[in-house]
Amino acid sequence: MTDTRVEAGTRPPRLGESAPRPDGTPKVAGSFAFSSDLWHDRMLWGGTLRSPHPSARIRSIDIGPAVALAGVHAVLTAADVPGSPTYGLEHSDQPVLASDVVRYEGEPVAVVAADHPATVRRALEAIVVDYEPTDPLVDPLQAEAADPIHPDGNLIRRIHLRHGDQGAVGEVQVEGTYEVGMQDQAFLGPESGLAVPAEDGGVDLFVATQWLHVDRDQVAACLGLEPERVRLTLAGVGGAFGAREDLSLHVHLCLLALHTGRPVKMVYSREESFHGHVHRHPARMWYRHHADRDGRLVRVEARLVLDGGAYASSSSAVIANATCFAAGPYRVPSADIDGAVVRTNNPPCGAMRGFGAVQTCFAHEAQMDRLADALGMDPVELRRRNVLATGDRLVTGQVIVGTAPVAEVLDACAEHPSAAALAADPMSLPGGAGRTADAGHVRRGEAVALGFKNLLFSEGFDDSSAAVCRIEDGVATVTCACAEVGQGFVTLAQQIAREVLGVSEVLLAPAETATVGSAGSTSASRQTWMSGGAVQAACEEVRHRLLRRVAESYGVDVDELVLADDRVVSLGGDFEADLTAVTTVPVEAEVEFHHAPTQPLDEDGQGDAHVSFAFAAHRAIVDVDPDLGLVKVVELTTSQDVGRVLNPLQAVGQLEGGAAQGVGLAVMEEVQVQDGRIRNASFTDYLIPTALDMPPVEVAALIEQPEPGAPFGAKGIGEPPSISSTAAVVAAIRHATGLDLERAPVRPADIALAEARP
Amino acid sequence: MTIARTLDDACAALAEHPQARLLAGGTDLMVGVNRGQVGLDHVVVLDRVDELRAWHRTGDDLLLGAGLTYADLGRGDLPGLLPALAQAARTVGSPQIRNAGTLGGNLATASPAGDTLPVLAALDATVLLRSATGSRELPLAGFVTGVKQNALEPDELIEAVRVPVLDGPQEFLKVGTRNAMVISVVSLALVVDRGGRGVRVGLGSVAPVPLRAAEAEAHLADHVGWDDGSPPAPDAVDRFVELVAGAARPIDDHRGSADYRRHAVGVLARRALHRAFPGGDR
Amino acid sequence: MSADPYVLRVNGRDHEVPDAHLGESLLWVLRERLGLPGSKNACEEGECGSCSVQVDGELVCSCLVLAASAVGREVITIEGLAPDGELADVQRAFVEAGAVQCGFCTPGLLMAVDTLLDADPSPDELTVREAISGNLCRCTGYGRILAAVEIAADLRREAS
């Protein structure tokens, strides 16, 4: 296991060391203020009335009985939305409150503010909505042919990617149809926030989110206010994983606060949270791989259909990733990949860690194993013969110019020794506390999977982050609107400032829209690169200005001056000043950092659409009880292309945590939707791994090849752990059972009732 | 609200407030309260009634206070006397739930997935009910009357559960799709009564109420080597498994299909039997 | 329906709870009436452990405790784990080991680990995993948490 203990020295940790989180102490003390902890004098409680139907016309809404209840201060419907009636990340297609039609179960119809949550509940029950239920469109395969359920139509986006010789045929072909179920981000901290009406007619919103500025713009448009009058401040975020990229209660809270003239707080229940945010897109994926007899890939054909649910959210970007990375991190000279994401009356789907790539990795890795089987070749060797490297071309035609140590990642993982012995205690066997298996019932399987994904936003999106650095009285203050959602950007920002400025004390200003420009989203593994880059650039600008000022004041050569250990010193040793003394007059700089530009995809899905890529491998060892279909993941080994490790402790935390979400998708996590309705909207029935489910994660290697163009050479590391982990676990179950298992999550019946079991 | 200190307190409060809700560990009731689905007019709090949190032996029986928590069922001498009940209790929820939730609560909730219920069924447990006006004792099948339905009158509470002390191994196995903190998809308790030369099987999550596999039990009684403890012959085991699976009346729901449950309960039957009579066919 | 005012003993102090509704959970009262929001609300059905507190020394989900029924009990919350203002051993260990990411599950986990180490100063790994199996964490995959428990156990043994 990588040694990740926090350095015990007195010197503040710099880049590359395991600096402790600045928010660690308040978080362990219980004093860190999460969005659900906020409180305000004269505060009211808000609540949301949601559609019980996946598809219905609204004939009428009678709020009268609710308004009449004592303690109720506001009951608002679509008619009370003063600005844009809709919002959306990429397409403004989702109503703030439904007016004439509801398109998914749980769609907000009305909102209430009252003096106590119990009053809110009574008021919501008192609202009378006359629905005329209509047949829901729930089969994504029927969506394109069906009558449109939204004015924007049922096809959200199609990319038909064609690359290389379309007549290419491989001597060996394997085919399969794969399916990935709907996963929930299942962050622990429920959606929550506090809106406070302001004297200027605007509103201050304290909310847990991934992207303050894009929220601000959407909220302002719906409120009909200038963006300056809507001020967002990041409240403590209890995990995100993509689910906080879309608006949830933001506009509702502001409407209620502005309407009542009082602060309003809202906290979703867990059940409501399942209805209140987007999920990972379920996917159906048909594949045909062509290879020559030596196992070299010749061509990949694929048909991908992703269920976007009722509204677009980030579906356009999800299908782009699914399509661009559908062939996996391999050299594929010819490809025909058709990816479509469609609209249905199922719950809306959008961003979740590794989006698009998670689904197709599950399929392309199953195909690679199937191909190895057809060729009679070791599956790791087959991958080794095809892995991408710098200079290779993706199926989008883009040449990888950055680092691509795919072979190194694969070998480090596949060749790492395993420590997993067969357990004796049934508690540690499949079935766990239910003690259903003895060692003799168990079959062991092992498999390796490889995955990759783009870092940062793609397809010509003008992606930037802004940061302000200020140094005064020897203390640096960094201001950045980057949403800290648990990933540890706050730690990194301090490390970067210390590294650049040689200063011990670095303060972090609150993340808010009023004081600094957009940091972009905490998603797409982008904040280390983008906001890390912005902080670096701002600090460098401050250093530059400060040293120039010192040089001018003291008559020394600026090129001779360096900042280190809270001092300004000259290299020759003839000048030295205390940092505090030379910063009584502050120095400040704001920088907007941009990554290298990208291009849109053309009509054949070709183009230099992505900035950079990161690769990871997982090896899973599983024990399977074939008779009951229960699985215990015994060990996960991983290696990852990270560019450069900036904080080993946080890096390992990302690798372990991301892998846990992959394990969950492999063996237990699925939002079960039947006829458009979620059947398991609770933590009783939507299961995520416990400490008895999650195996040790062995980090075989963090491959450090600095990425050109990336600040400090560091690649984002958040998403790759979630990509190949699911594929590896399911492949290991296939290895143990000999079953095809074309669907994730693998359910007990998929194994226990399978007919073809040898 | 009444915080009862004695059984008489509790019964008196119930007599006075027939609409009152009984609160023991709160692990079921409070879920409904938090969701706004259960309104509370009056609550009779039972967790400080010492009589309820005790157990004692009377002859060949054990009287288990309804207020024993799941954690209590795994402490002291109880696991030795009632190993299947202790094992079932260990699979309930989380450590937090096991510290609070009670045997009586599991009975009163009467969920088809209640983890102790198949064990109580296999043990032929009876349920002692008490009110201000008297007490009565019902067999388990008479107490659990349907999905989340029980025979409690508004003024009654569960005082205790009577189970026999048996000579012979006891097994409990539970299938869930997670290794801990999971509602059972199917569960099975197997209790051997050497003295009575019988094997009793209780099934959970395969019917609206906990079931006994009576035919399977009758079949097995003739195939166990009672004198030397030898296991049944392989074909007798197969027949036993078939009869257990046949006794199940499962449904499809979001936790598992009826087909899977029928299959799995057979697998559990085979494994429980093997653990109880090692050496034979798995 | 309103309940009579009552007094809860939390972290060694008596707290008057006026104007309470009868159906309020201990979690709600701690967070919204007593100004102790350290215990977290992630599911309110006993499935996540984020709200874990000690009541008379036993680890329970405060969301499933009817607040008014806890009168006369000794309730310890995350805010009371280190009453003197210094971090307790388990808290220091969590920071040091990197067991904290978003931190939402952290208070509940700390209460669970503190309870475990009181009962068993040298738990083996399976014991630890079972003891924290009622505390869901979505960020860490539990690896750093297990590392933190080892550190905390060391610290507690050294101190005793």
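The values are calculated or read from the model by the stated rules, or taken from the named source; none is laboratory data. Please read these numbers as outputs of a predicted model, since none were measured by experiment. In this analysis, Cβ positions are derived from the backbone assuming ideal geometry, glycine residues included, and neighbour counts consider all displayed protein chains.
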*Please enumerate the residues belonging to segment B:20-55 that are in a loop (DSSP other than H, G, I, E, B), free of Cβ contacts under 8 Å to residues at least 24 places away in the same chain and surrounded by fewer than 16 Cβ atoms within 10 Å (Cβ to Cβ).*
B:Arg35, B:Gln37, B:Val38, B:Gly39, B:Ala54
*asked:* I'd like to know if segment C:112-123 contains one or more residues that are assigned by TED's automatic domain parsing to the domain that holds C:Asp14, assigned to a loop (DSSP other than H, G, I, E, B) and surrounded by fewer than 24 Cβ atoms within 10 Å (Cβ to Cβ).
replied: no
*Return the total of residues in segment C:89-111 being at the interface with another protein chain (Cβ under 7 Å from one of its Cβ atoms), of a type in the set (A, V, I, L, M, F, W, C), more than 12 Å from the chain's Cα centre (by Cα) and assigned to a loop (DSSP other than H, G, I, E, B).*
2
_Residue under question is C:Ser25, and the condition is that it be in contact with a Leu (Cβ under 6 Å, 6 or more places away or on another chain) and closer than 23 Å to A:Ala33 by Cβ; does it hold?_
no
*asked:* Just the residues that are facing chain C (nearest Cβ under 10 Å) and acidic (Asp, Glu), please, taken from segment A:17-48.
replied: A:Asp23, A:Asp37
*Can you confirm whether segment C:63-76 contains a residue that is assigned to a loop (DSSP other than H, G, I, E, B) and under 12 Å from the mean Cα position of the chain (by Cα)?*
no
*Return the total of residues in segment A:84-115 being under 30 Å from A:Met43 (Cα atoms) and at pLDDT 95 or above.*
22
_segment C:143-153, residues that are facing chain A (nearest Cβ under 7 Å) and under 17 Å from the mean Cα position of the chain (by Cα)_ = none
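Could you name every one of the strands (runs of 3 or more DSSP E) located completely within segment A:562-652 that has at least 2 residues being within 14 Å of chain C (Cβ to nearest Cβ), at pLDDT below 95 and more than 30 Å from C:Thr140 (Cα to Cα)? Before you say what the answer is, go through the steps one by one.
On the way: elements: A:567-570, A:576-578, A:587-594, A:612-625, A:630-641.
Result: empty, no element qualifies.
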*asked:* Restricting to segment C:38-58, name every residue that is in a strand (DSSP E or B) and either free of Cβ contacts under 8 Å to residues at least 60 places away in the same chain or among the basic types (Lys, Arg) (or both).
replied: C:Val53, C:Val55, C:Glu58
*Just wondering, is there one or more residues in segment A:226-234 that are within 14 Å of chain C (Cβ to nearest Cβ), over 29 Å from A:Val663 (Cα atoms) and modelled with pLDDT of 95 or more?*
yes
*Tell me which of these C:Leu30 doesn't satisfy, since it passes every other one: (1) within 12 Å of chain A (Cβ to nearest Cβ); (2) of a type in the set (A, V, I, L, M); (3) buried (at least 24 other Cβ atoms within 10 Å of the Cβ); (4) farther than 21 Å from A:Ala208 by Cβ.*
(4)
*asked:* Against the definition (in contact (Cβ under 8 Å) with a residue 12 or more places away in the chain, surrounded by fewer than 17 Cβ atoms within 10 Å (Cβ to Cβ) and aliphatic (A, V, I, L, M)), how does C:Val7 come out, yes or no?
replied: yes
*Among residues belonging to segment A:368-381 that are in contact with a Gly (Cβ under 8 Å, 6 or more places away or on another chain) and surrounded by fewer than 22 Cβ atoms within 10 Å (Cβ to Cβ), point out the one that is nearest to A:Glu301 (Cα to Cα).*
A:Arg370
*Taking into account only those residues within segment A:111-135 that are more than 14 Å from chain B (Cβ to nearest Cβ) and buried (at least 24 other Cβ atoms within 10 Å of the Cβ), which is nearest to A:Gly261 (Cα to Cα)?*
A:Ala113
*Being of a type in the set (Gly, Ala, Ser) and either over 35 Å from the mean Cα position of the chain (by Cα) or buried (at least 20 other Cβ atoms within 10 Å of the Cβ) (or both), is that true of even one residue in segment A:76-84?*
no
*For segment C:138-151, state whether one or more residues are farther than 24 Å from A:Leu687 by Cα and surrounded by fewer than 21 Cβ atoms within 10 Å (Cβ to Cβ).*
yes
_Considering residues of segment B:73-112 that are of a type in the set (D, E, K, R) and touching a helix residue (DSSP H, G or I) at 6+ places or on another chain (Cβ under 7 Å) only, the residue nearest to the other protein chains (Cβ to nearest Cβ)_ = B:Arg90
_If I filter segment C:127-149 for residues that are among the hydroxyl-bearing types (Ser, Thr, Tyr) and outside any loop (DSSP other than H, G, I, E, B), do I get at least one hit?_
yes
*So which of A:Pro711, A:Pro706, A:Pro720, A:Pro758 ends up being farther than 20 Å from A:Arg284 by Cβ and modelled with pLDDT under 95?*
A:Pro758
*Collect the residues in segment A:186-215 that are touching a helix residue (DSSP H, G or I) at 6+ places or on another chain (Cβ under 9 Å) and surrounded by fewer than 24 Cβ atoms within 10 Å (Cβ to Cβ), keeping them in residue-number order.*
A:Val196, A:Pro197, A:Ala198, A:Asp200, A:Gly201, A:Gly202, A:Asp204, A:His213
*Of these, C:Glu58, C:Glu79, C:Glu45, C:Glu86, which one is modelled with pLDDT of 95 or more and more than 8 Å from chain A (Cβ to nearest Cβ)?*
C:Glu58
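Hand me the list of helices (runs of 4 or more DSSP H) wholly inside segment B:75-181 holding 3 or more residues that are surrounded by fewer than 21 Cβ atoms within 10 Å (Cβ to Cβ).
B:78-81
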_Being free of Cβ contacts under 8 Å to residues at least 24 places away in the same chain and either buried (at least 22 other Cβ atoms within 10 Å of the Cβ) or within 14 Å of chain B (Cβ to nearest Cβ) (or both): is that true of C:Glu158 here?_
no
*Being more than 30 Å from A:Val409 (Cβ to Cβ), touching a residue at least 60 places away in the same chain (Cβ under 8 Å) and not charged (D, E, K, R), is that true of even one residue in segment A:449-457?*
no
*Filter segment A:678-713 down to residues that are in a loop (DSSP other than H, G, I, E, B) and away from every other protein chain (no Cβ under 14 Å) and give me whichever is nearest to the chain's Cα centre (by Cα).*
A:Ala710
_Residue ranges of helices (runs of 4 or more DSSP H) in segment A:240-338 with at least 1 members of a type in the set (Val, Ile, Thr) and surrounded by fewer than 24 Cβ atoms within 10 Å (Cβ to Cβ)_ = A:250-260
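For (1) of a type in the set (D, E, K, R); (2) buried (at least 20 other Cβ atoms within 10 Å of the Cβ); (3) more than 29 Å from A:Leu247 (Cα to Cα), each residue gets a yes or a no:
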| position | (1), (2), (3) |
| --- | --- |
| A:Cys480 | no, yes, no |
| A:Thr491 | no, yes, no |
| A:Leu501 | no, yes, yes |
| A:Ser504 | no, no, yes |
| A:Ala524 | no, yes, no |
